[in-house]
Every structure is written in C-alpha cells, then in structure tokens.
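Step one of this worksheet: look at the structure below.
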Amino acid sequence: QVQLVESGGGLVQPGGSLRLSCAASGSIFSSYGVAWFRQAPGKERELVANMDRAGSTNYADSVKGRCTISRDNAQNTVYLQMNSLKPEDTAVYYCRIFNLFKDYWGQGTQVSVSS
C-alpha cells in the first residue's frame, strides 16, 4: 500500500513563494506519473501540474510560468515550487501518483495567499 504525505503548505502574502513536498512510501516511485491538484472552496478539484515517468511536464494555464513540478526518484518525493503567489491560488493542494493500474492521493495541504 502506498502512502503519500504532503507538507509545505501555509499562509503566504501575495507575491510570495512556497514549495510543497509529497513523500511516497511503499512503492517503486519511478514507475508512476506524478501530479499536483488543488481544490478551492466551492470549486471542483483541478489539475495544477503533472509529470510523466520520462519527465515531461504539463501545467494549468493559470500557473504557467509561476509553478514548477519536479521529482526526486531516489527520495520518492515530488515537489511543487510556487512563486508569485496570488490570492486565487488559495486552495487545498493534493499530490497524486498513478499508473495504468493504481492511483494514489495524498491527504492535502492548505495553501492560503492573503495579505
């Protein structure tokens, strides 16, 4: 059974930065695609960024140029570096690792952007 533990969320002022981390246990991490999603109050969960096993990335238009997804297969960890944060980035952020047969989600970490 894979467990995902997210960290790095918090309260930050507009224009600030945060780096989210998601550590996976119990898996061959390199065999999975990885992704970050977010869900704001009253809204549906949406994709923020993903990275396949080869390292190809994809970003939501709303975060392009401000966010970077990365992975460290040796540490079984996926990261989301977020810069120039805006109030509309406020949400619970979830990491996900997946392949054709399995799909795992973290418990979420709150990111709040406010002055």
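The values are calculated or read from the model by the stated rules, or taken from the named source; none is laboratory data. Since we're looking at a predicted model, the values are computed, not measured. FYI the Cβ positions are ideal-geometry reconstructions off the backbone, even for glycines, and counts take in every protein chain you see. The accessibility values were calculated without ligands, DNA or RNA, using every heavy atom of the protein model including side chains. Shrake-Rupley method; radii C 1.70, N 1.55, O 1.52, S 1.80 Å.
Within region 7-49, restricting attention to residues that are charged (D, E, K, R) and not in a strand (DSSP E or B), the residue that is least open to solvent (accessible area, probe 1.4 Å) is Arg45. For Gln3, the conditions (1) more than 12 Å from Arg96 (Cα to Cα); (2) exposed (fewer than 13 other Cβ atoms within 10 Å of the Cβ) are fulfilled apart from (1). Looking only at region 57-78, residues that are in contact (Cβ under 8 Å) with a residue 40 or more places away in the chain, more than 11 Å from the chain's Cα centre (by Cα) and either loosely packed, with under 14 Cβ neighbours inside 10 Å or not in a loop (DSSP other than H, G, I, E, B) (or both) come to 1 in all.
Looking at region 84-110, which of the residues that are in a strand (DSSP E or B), farther than 16 Å from Leu18 by Cβ and in contact (Cβ under 8 Å) with a residue 24 or more places away in the chain is least open to solvent (accessible area, probe 1.4 Å)?
Per the stated criteria, the residue is Ile97.
Every test in (1) at pLDDT 95 or above; (2) part of a loop (DSSP other than H, G, I, E, B); (3) in contact with a Ser or Thr (Cβ under 8 Å, 6 or more places away or on another chain); (4) not hydrophobic (A, V, I, L, M, F, W, C) is passed by Gln81 save one, and that test is (2). Report yes if Glu6 is charged (D, E, K, R) and free of Cβ contacts under 8 Å to residues at least 40 places away in the same chain, otherwise no. When the stated conditions are applied, Glu6 does not pass them.
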